[in-house]
């Protein structure tokens, strides 16, 4: 198998990590959205409407569709997909004719978990509560925004960014991994990852597990990790068009 024409010689380290619109465009949009949702009350406005619509309690918190199907089975599906890719990579490593796929698959295996791992690490120190922790939604805490001091005795909040949604948003790496072989495949992969992340995120919002800003932060972290690793690992100078 010949090397796809889309591959180009490696650029210099500085050139590969030079920020571009693919990085800063989504990051700026995410920053504005999080600022509006948290600082301007958008998170609470949306959650208030969902909470009221569910009858003044989180009626879907333990529903089969949201808790079992999307949350539990969604996580398992994500693991199965990753393991399938890992097995495929091992099989293809024995076929020199498939060499063009080796590096993109290596990239996908790393990038698809890098974003979720970063999200998990951020959750350990951002100290943000889930909606179901708040008194206005049946919990015990007052609402505390990101980077605000928490009242004594609250304990750590571990809900920002959204962990479950990041499992799906981690696959935005498909844009770069598949796109390195065929740009159209990269765009299809990106759409699939965003749709899966939206499903995971909305399901958790319906359960009272996250605010909208938590999901936006999750996709921003996953996109940034994917962009950085693409610049480091993929043998081309530019991102897929």
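Odds and ends about this structure:
- Residue within the range 123-131 that is at pLDDT 95 or above, over 24 Å from residue 26 (Cβ atoms) and touching a helix residue (DSSP H, G or I) at 6+ places or on another chain (Cβ under 9 Å) present: yes
- Selection of helices (runs of 4 or more DSSP H) fully inside the range 135-213 by the criterion of at least 3 residues being closer than 24 Å to residue 41 by Cβ and in contact (Cβ under 8 Å) with a residue 60 or more places away in the chain returns 183-207.
- Residue in the range 26-55 that is surrounded by the fewest Cβ atoms within 10 Å (Cβ to Cβ), counting only those that are outside any helix (DSSP H, G or I) and without any contact (Cβ under 8 Å) to a residue 40 or more places away in the chain: 55
- The condition (being free of Cβ contacts under 8 Å to residues at least 40 places away in the same chain, within 21 Å of residue 234 (Cβ to Cβ) and assigned to a helix (DSSP H, G or I)) is satisfied by just one residue among 85, 108: 85.
- No other residue among 162, 209, 180 is within 18 Å of residue 107 (Cβ to Cβ), surrounded by 22 or more Cβ atoms within 10 Å (Cβ to Cβ) and in contact with a helix residue (DSSP H, G or I) (Cβ under 7 Å, 6 or more places away or on another chain) apart from 180.
The values are calculated or read from the model by the stated rules, or taken from the named source; none is laboratory data. Please read all numbers here as calculations on a predicted model, not as lab measurements. Counting neighbours? That spans all protein chains shown, and the Cβs are built from the backbone with ideal geometry, glycine included.
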